[in-house]
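The values are calculated or read from the model by the stated rules, or taken from the named source; none is laboratory data. Note that the structure is a prediction, hence the values are computed from the model and not measured. FYI the Cβ positions are ideal-geometry reconstructions off the backbone, even for glycines, and counts take in every protein chain you see.
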Amino acid sequence: MTNVLVCIKRVPDSSSDVVLTDDAQAVDGRYAGFTVSPHENCAVELAVQIAAATGGEATVVTLGSEEAVEQLRGVLALGCTAATHIVADAPTYGPADVARELAAVVRDHEAAGRSHDLVLLGNDAADSGDFQVGIRLAYELGRPVVTGIATVEVTQEAGVDVAVARGEGPTGQDTYRLPLPAVVTVLEGGVEPRYPTVSGRMKAKKIEIEQRQPAGTPGGAKRVRLFLPPAVPSQVTVLGEGPDAAPAVVGLLAELGVTR
Amino acid sequence: MIIVLVELDEESAEVSREALTFARSLSAAGGGVPIDAVVVGDASADEVADLGRYAVREVHRVGGDAFAAYSAAAWAAAVLEVQRAKGSVVVMAGGTNRGTEVMAHVAARAGAAMAANVVAFNGLAPFTVNRQVMGGAVLEEMLLDERPAVFTVAGHAVEATPADAATTPAVVDVTPTVPEADLVARVASTEPRPQGEGSSLKTAKVVVGAGRGAGGPEGFGAVSELADLLGGSLGVSRVVTSLGWRPHHEQVGQTGTRISPDLYIPCGISGAIQHWAGCASSKVILAINTDAEAPMVTKATYAVIGDMHEVVPAINEALKG
Ligand SMILES: Cc1cc2nc3c(=O)[nH]c(=O)nc-3n(C[C@H](O)[C@H](O)[C@H](O)COP(=O)(O)OP(=O)(O)OC[C@H]3O[C@@H](n4cnc5c(N)ncnc54)[C@H](O)[C@@H]3O)c2cc1C
Ligand SMILES: Nc1ncnc2c1ncn2[C@@H]1O[C@H](COP(=O)(O)O)[C@@H](O)[C@H]1O
């Protein structure tokens with residue numbers, strides 16, 4: 001039985017134009033809406049699969065504003081059966097602060113008899129992209145960690161639960177075998193996240209979300225400000241329209257020296 | 001002193017050279033502080049000479065049983081051993097998967113902040129950097145006021161340029177003692193990548209891209225042929241992988257691969273910022289799209305306005321003929 005904790009973050013949807021908040025400390029998602037990163041959606045899918053395969057529990061946790069409950073409900077609808085919400089203003093938390101808060105949740109749950117044998121996170125958050133919360137969390141908990149993982153399974157080896165994690169390395173697919181408890185960060189691409197079902201949504205509504213206050217005072221993000229890169233005016237040269245443009249294209253390819 | 005973690009594998013070597021180029025401008029701004037490289041494994045004489053072309057003073061060559069297989073924690077332990085011995089104030093790496101992973105371990109162990117995907121530095125005192133967030137759609141100015149300052153340089157944000165005068169780096173062999181705990185999360189085995197998959201996309205000189213405009217899983221014949229004719233690789237948008245038309249390892253973008261070919265030919269790709277994040281450092285972009293107002297077209301160097309299912313076969317015929 002493997003109990004999995006999956007960490008998600010409410011982030012502004014960046015599919016359309018990006019707008020910054022007036023204090024230039026965050027991306028304003030009020031117009032575009034909010035979502036969860038594709039990496040984390042894959043982490044959720046793995047959490048649900050592993051819990052189902054081992055008869056364990058999949059719990060979701062986030063540190064975020066009151067509104068982040070929307071993302072927690074979304075994940076509960078996918079098959080997680082418990083949720084913890086650390087209510088806090090995420091942009092004022094640096095990655096070390098978030099890791100400390102997540103570690104406090106793991107420790108408190110453990111003290112209450114609920115273990116989180118495997119903690120899954122995204123490789124990087126879609127907004128702040130710090131690439132480090134998972135690693136810092138592992139150091140907080142004194143657990144081994146691997147990052148950039150596409151698939152994870154839990155097997156038993158000599159009576160010990162081992163997470164077999166696979167991801168792309170520089171020369172091929174790397175396999176890690178981590179004795180649990182462990183921390184793994186997930187990259188999109190290894191599993192297909194499921195869609196919520198109606199019954200899943202109904203079940204999710206009934207689950208009581210554990211709300212908690214931050215355990216400590218944040219040291220803060222080292223952010224001075226956010227700014228948008230200058231817009232580059234279009235300098236496109238249109239070579240033509242439709243198939244008639246082919247000779248012009250071939251001329252360009254020859255000029256660039258890429259034809260064989 | 002500045003320490004740069006240098007990765008020698010084919011896929012990461014260029015990004016490491018970019019990081020060394022960035023380090024040189026930082027060194028110059030700091031009045032010529034020396035740059036040392038940390039490499040794990042048997043750096044050859046040629047590889048050491050290459051580091052000399054990037055003005056590296058000393059190469060700390062890390063070896064020993066603990067480094068036979070990759071473990072980020074062990075690599076970080078080695079980097080920190082050199083950092084402490086030398087009292088260096090900056091520790092950095094290229095923004096590859098491993099470079100970023102090792103720097104995050106270094107920062108966590110040293111109790112310092114870490115800035116991922118840095119593109120420029122602003123001031124030295126205090127030390128602030130600009131880094132890409134939201135896949136490059138937004139920049140963050142970030143303060144790195146702890147020592148060591150730890151960061152990675154965004155892949156292909158700077159061009160690798162050798163120094164005016166090369167050095168002959170001294171090679172120092174280091175064999176750090178690594179506690180067992182740092183070896184738990186170690187690569188147990190590696191399945192070598194099939195020829196022409198994944199990796200070639202990162203290093204390809206020409207990439208032909210295809211997005212939703214391909215229309216379906218059978219819509220990739222002509223673009224694949226064009227990629228073959230140009231000796232290049234096929235890259236796709238996230239819509240294409242999400243719909244299961246092509247495998248994820250072909251995806252270009254924020255949650256896929258970052259490419260930097262001499263020529264990128266995106267066909268039927270709108271150019272959403274998350275896709276742009278992965279292809280912005282292409283030297284030349286030739287967009288093929290039915291929509292003259294698509295962001296990919298307005299940001300491209302060249303464009304053909306038209307249906308990719310007509311334009312690409314015509315290009316292929318012209319190339320063959
Ligand atoms: C956090 C996050 C991460 C993401 N990561 C990535 C990523 O890594 N990579 C990525 O690509 N996307 C990523 N996305 C998704 C991204 O926002 C876009 O949805 C996606 O890139 C759009 O793919 P597309 O251009 O193929 O499709 P569309 O946006 O639908 O564009 C299709 C284009 O094809 C043109 N077209 C249609 N038919 C034809 C035809 N017959 N001939 C020529 N042109 C035609 C249309 O004019 C249009 O411009 C991410 C999104 C999020 C939120
Ligand atoms: N506020 C948060 N709440 C819960 N999980 C988070 C939070 N911020 C980051 N994470 C997790 O840590 C991963 C890496 O984030 P980062 O290091 O900020 O790029 C994310 O993909 C999430 O899984």
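Just so you know, in segment A:94-138 the residues that are assigned to a helix (DSSP H, G or I) and acidic (Asp, Glu) include one that is farthest from ligand 2 (Cβ to nearest atom), and it is A:GLU110.
Just the residues that are within 7 Å of chain B (Cβ to nearest Cβ) and in a strand (DSSP E or B), please, taken from segment A:145-178. Hits for segment A:145-178 are A:VAL145, A:VAL146, A:THR147, A:GLY148, A:GLU168, A:GLY172, A:GLN173, A:ASP174, A:THR175, A:TYR176, A:ARG177, A:LEU178. You will find that of B:SER233, B:SER260, B:SER224, B:SER242, the residue that is more than 16 Å from ligand 2 (Cβ to nearest atom), more than 9 Å from every other protein chain (Cβ to nearest Cβ), among the polar types (S, T, N, Q) and surrounded by fewer than 19 Cβ atoms within 10 Å (Cβ to Cβ) is B:SER224 and no other. When the residues of segment A:211-246 are filtered to those that are β-branched (Val, Ile, Thr) and exposed (fewer than 13 other Cβ atoms within 10 Å of the Cβ), the one that is farthest from the other protein chains (Cβ to nearest Cβ) is A:THR217. Counting only helices (runs of 4 or more DSSP H) that sit wholly inside segment B:194-255, those with at least 2 residues that are closer than 21 Å to B:ALA314 by Cβ and touching a helix residue (DSSP H, G or I) at 6+ places or on another chain (Cβ under 9 Å) are B:221-229.
Candidates B:VAL82, B:VAL187, B:VAL89, B:VAL106: the one that is under 30 Å from A:THR175 (Cβ atoms) and away from chain A (no Cβ under 12 Å) is B:VAL82. Scoring B:HIS249 on the criteria (1) at pLDDT 95 or above; (2) over 19 Å from A:LEU253 (Cα atoms); (3) within 22 Å of the chain's Cα centre (by Cα); (4) more than 9 Å from ligand 1 (Cβ to nearest atom) leaves a single failure, condition (1). In segment B:266-306, the residue that is farthest from the other protein chains (Cβ to nearest Cβ) out of those that are assigned to a strand (DSSP E or B) and away from ligand 1 (no atom under 12 Å from the Cβ) is B:ILE285. Every condition in (1) within 12 Å of chain A (Cβ to nearest Cβ); (2) over 19 Å from the mean Cα position of the chain (by Cα); (3) part of a helix (DSSP H, G or I) holds for B:THR100 except the one numbered (2).
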